[in-house]
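Visitor: Provided herewith is a single structure, encoded as structure tokens, for subsequent inquiry.
All of the numbers you see were taken from the coordinates with simple rules; none came from a lab. These numbers come from a predicted model, not from an experiment. FYI the Cβ positions are ideal-geometry reconstructions off the backbone, even for glycines, and counts take in every protein chain you see.
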Amino acid sequence: MPTALRRGERWYETPDVASFIHRAFTKAMGYDDDDLKRPIIGICNTFSELNHCNHNLRALADAVKRGVLQAGGLPLEFPTISIGEVFVSPTSMFFRNLAAMDTEEMVRGQPLDAVVLLAGCDKTTPAQLMGAASADVPAIMLTSGPMLNGRYEGQDLGACTDCRRYWTEYRAGTVTRETMTALEDNLTRSEGHCMVMGTASTMAACAEALGMMLPGGASIPAPDSRRLRLASATGKQAVHLARAGIKPSQIMTREAFENAIRVLHALGGSTNAVVHLPAIAGRLGVELPLDLFDNLSRTTPWLANLRPSGKFQMEQFFEAGGVPVLMKELEGLLNLDTMTVTGLTTGENLSQVVATSTRDEASQWRVREVIASADAPLDPEGGLAILRGSLAPDGAVIKTVAASPHLMKHRGRALVFDSPTALQAAADDLDLDVTPDDILVLQNAGPVGAPGMPEIGNLPIPRKLLRQGVRDMVRISDARMSGTAFGTIVLHVAPESAIGGPLAAVRTGDEIEIDVEARRLDLLVDPAEIARRLAERVPAPAPFRRGYGKLFVDHVMQAPEGCDFDFLRGDASDAVAAARMGRDMRT
Ligand code: FES
């Protein structure tokens, strides 16, 4: 029985004029018939000079190419949208779905037998996984790697945990402008993404736990030569994936997502993963309800002593063994039969990892400083909790390991701001009517409201309280926060206020109660009064009348569904239908 043609072969070897033209125009770039017989490996590169976190991806792409050639493939690099977290406006999240659409269509629309996804900063990693899931062409991910630790006066510095920590002290008047300038020069010593367990590190670790990255790939520092060797190995493995035909839909199963969620909890990782993982899964028809995150949190120990929740940073996590050593500790809780890009199952990959408990005492001690044992965890439960109640009927998220224990059960008076601008103006007002027991509330910062759900959920502590020594208070919003931030911060309140969620009904002076142990978040106002206020609400005018902005606000889903566009979820059967419509659709 004849074997089916590879995707690349369909483009180049179908006996028709289209293939003739494909061959002729590829030869225009200097490739010959020998090249065109090989598996074609796309290198989907999010390099950009406006994205510092992805700035080393050109060098990594060259190393990937070397690996592809060594394994007998033909590497062809192409660019897609890059999203530099701190540079794009209005928010990076606004563009994640656009980047995912770009990745999906360019992977599906070109003659690729497999693709290497080169990502780095917070949004490029989930965007590429979303696109690859929908295109469902064999894919393997390689991230830029974390920056080296910043150094200042003998201390390790972490981006951007220390950006926030020192800026708070600067606002409080305890740090000088000269110190801030020195910190600015010493924070970022190398290329790579943020080097604490922020969103970029979290999503890289989740990609590894999902099985979409070679084991150990998430934590090798960006400038370390071992990352170049990982890139070469990734290129080789892409050729093997092309030959084996292992697709993302065979790797990113519900069981694999459960593994990723357990790793997220054991890391004390970013709240943003609670948005990105459902978005990736949704592309494959896999539902990840918020309650699944909460259930797995209650049965997964927190193991990684990493900032912003703990003490160390990615360099130390790498030296301790990174994600493979963490997953080895969790082995009894993981789904071990899930397929990975190695061509082996998660269990088979972990069988090659030496259990820390069997190592000599000195090396055990070095690992245990950073990655605790499952028998003696930092906390028996994971790092995130899902809250529900009259203020968040569809759920809200809190990073418990980065919160203040004394505020985990708290009742306080709401101090409400209807925009980030109003909050900023009030935050510096030394006469603001605020006490440490108050609860700061920000409305209109969700997926539709902002728009794009910006990372402003770590609302600034009012300067008046900073001067009194207050460094944390309960803050609630429908926004996200950077994975590098910390505090008793309730995020992703759903439904968001801009579409009429109860958050829109909160008024200054109302009482709010948070009880993390009971997983409750309640507005202590009579339900009839809440309904009356919401009925009187006047929705804001649509922020966009045309273009991508209009597409975004018309179709973005709420945080629990991952903020994907409603028309992008589910399997990609439309692509199959499109392929049947025209003979040149070579999917
Ligand atoms: Fe890119 Fe932090 S700004 S990972």
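Visitor: Hey, can you grab everything whose amide H is under 5 Å from the amide H of ALA222? Only 5+ residues off in sequence or another chain; H modelled, so Pro and N-termini drop out.
Guide: MET147, LEU148
Visitor: Going by Cβ distance under 4.7 Å, what cysteines of the chain have no possible disulfide partner?
Guide: Cysteines of the chain left without a disulfide-compatible partner: CYS44, CYS194, CYS206, CYS563.
Visitor: State which entries of LYS37/LYS236; LYS65/LYS236; LYS123/LYS311 exceed 20 angstrom in Cα-Cα distance in the structure shown.
Guide: In this structure, LYS123/LYS311 lie more than 20 Å apart at Cα.
Visitor: Applying the Karplus parametrisation 6.51 cos²θ - 1.76 cosθ + 1.60 with θ = phi - 60° to the phi angles of region 515-522, what ³J(HN,Hα) value in whole Hz is obtained for each residue in order, glycine and proline being reported as x?
Guide: My calculation for region 515-522 gives 9, 5, 4, 7, 6, 10, 9, 10 Hz in order.
Visitor: Please compute the length gained on full extension between ARG368 and LYS550, using 0.36 nm multiplied by the number of residues separating them and subtracting their Cα-Cα distance.
Guide: Length gained, ARG368 through LYS550: 60.5 nm.
Visitor: Work out the FRET efficiency for ARG189 and GLN155 from their Cβ-Cβ distance, taking R0 = 22 Å, and round it to the nearest 0.05.
Guide: 0.95
Visitor: A follow-up question, please. Once the piece of chain linking ARG467 and THR174 is laid out straight, how much longer is it, given 0.36 nm per residue of separation minus the C-alpha distance between them?
Guide: Taking 0.36 nm per residue and subtracting the Cα distance, the gain is 104.6 nm.
Visitor: Counting only residues 5 or more places away or on other chains, whose amide H sits under 5 Å from the amide H of THR300 once H atoms are built in the peptide plane?
Guide: Close amide H contacts, sequence-distant or interchain: GLY382.
Visitor: A further question follows. Helix-only estimate, please: 222 nm mean residue ellipticity of the chain, summing -39500 (n - 2.57) across DSSP H runs of length 4 or more and dividing by its residues, to the nearest 500.
Guide: -11000 deg cm²/dmol
Visitor: Per residue of region 280-285, in order, report the coupling 6.51 cos²θ - 1.76 cosθ + 1.60 (Karplus, θ = phi - 60°) as ³J(HN,Hα) in whole Hz, putting x for Gly and Pro.
Guide: Couplings: 5, 4, x, 5, 10, x Hz.
Visitor: Next up: Grab the beta carbon distance between GLU348 and PHE78, set R0 = 22 Å, and tell me the FRET efficiency rounded to 0.05.
Guide: With R0 = 22 Å, the Cβ-Cβ based efficiency is 0.10.
Visitor: Considering only the other residues whose Cβ falls under 12 Å of the Cβ of ASP156, what net charge follows from Lys and Arg at +1 and Asp and Glu at -1?
Guide: Working: positive: ARG151, ARG189, ARG307, LYS311; negative: GLU153, ASP162, GLU315.
My count for the surroundings of ASP156 gives +1.
Visitor: Let me ask something else about it. For the charge dipole of the chain, defined by +1 on Lys and Arg C-beta atoms and -1 on Asp and Glu C-beta atoms about the Cα centroid, which residue among GLY452, VAL115, GLY549 has the Cα displaced farthest towards the positive pole?
Guide: Comparing the listed Cα positions along the dipole, VAL115 ranks first.
Visitor: Residue by residue, what Karplus-based ³J(HN,Hα) values in Hz, rounded to whole numbers, does region 38-54 have, using 6.51, -1.76 and 1.60 with θ = phi - 60° and x for Gly and Pro?
Guide: 7, x, 8, 10, x, 10, 8, 9, 9, 4, 7, 7, 10, 9, 4, 5, 10
Visitor: Then there's this: Would you mind pulling out the separation of the Cα centroids of region 243-302 and region 29-97, in Å?
Guide: A separation of 25 Å, based on Cα centres.
Visitor: Here's another thing I want to ask about it. Determine which residues of region 88-110 fall in the zone a paramagnetic label at GLN424 would reach in this model, i.e. backbone nitrogen under 14 Å from the point 7 Å along Cα→Cβ.
Guide: 89-91
Visitor: Antiparallel versus total DSSP beta bridges in the chain: what percent is that, nearest 5?
Guide: On the way: 24 of 53 bridges.
Antiparallel: roughly 45 percent of the beta bridges in the chain.
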